[in-house]
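A quick write-up on the structure given underneath.
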Amino acid sequence: MTRTKSEKRPWLGALLSFLLPGLGHVYLKEWLRSAMWFAFMVSAVLLFIPLPDAATTGATSIGAAFDAAMKATQDLPLEALLPMWVVRTFSAVDAYWLALQTGSDEEPGEQCPSCGKPVDEDLDFCQWCTTPLPERDGPNGPTENNAVSR
């Protein structure tokens, strides 16, 4: 299993984005990217899938318009569906990549040998699991500069 620093599951973000572009980005809390991918999908549908006139103007209710749109889009050729599949695929790849990258801008520091979490340099123990840290040079470690003599 791939471990990420954000503890988000990349495969779940990709799956959600493939089902509905932008949904995986909502899972990752990337609101602007989510809106962008959803807008790409809506644009692909509006530009490449022809809707009948009954679905846009002559329908008396939302249900009738939906039924007319579903009937018109049942037997669409691959050329009309290809832009939607391209947007879905790229949205899923972007969500997967983003989940792997989230949190990687943290600066690397000393980590606890027991739990693996980052530790505060000013402490002699891990603030997460209270494991004593090995002796080290620094503010609390023994050096000539900070040694107290009487």
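Given a Förster distance of 41 Å, report the FRET efficiency between Leu15 and Gln127 from their Cβ-Cβ distance, rounded to the nearest 0.05. Working shown, then result.
Details: r = 36 Å, r/R0 = 0.87.
Calculated transfer efficiency: 0.70.
Here the label points at Trp85 and Ala72, each 7 Å from Cα along the C-beta direction, are separated by 2.3 nm in the simple model.
Throughout, read-outs are computed from the coordinates displayed, never taken from laboratory work. Quick caveat, the model's predicted, so the values are computed rather than measured. Please note: Cβ atoms are built from the backbone with ideal geometry, for glycine as well, and neighbour counts cover all protein chains shown.
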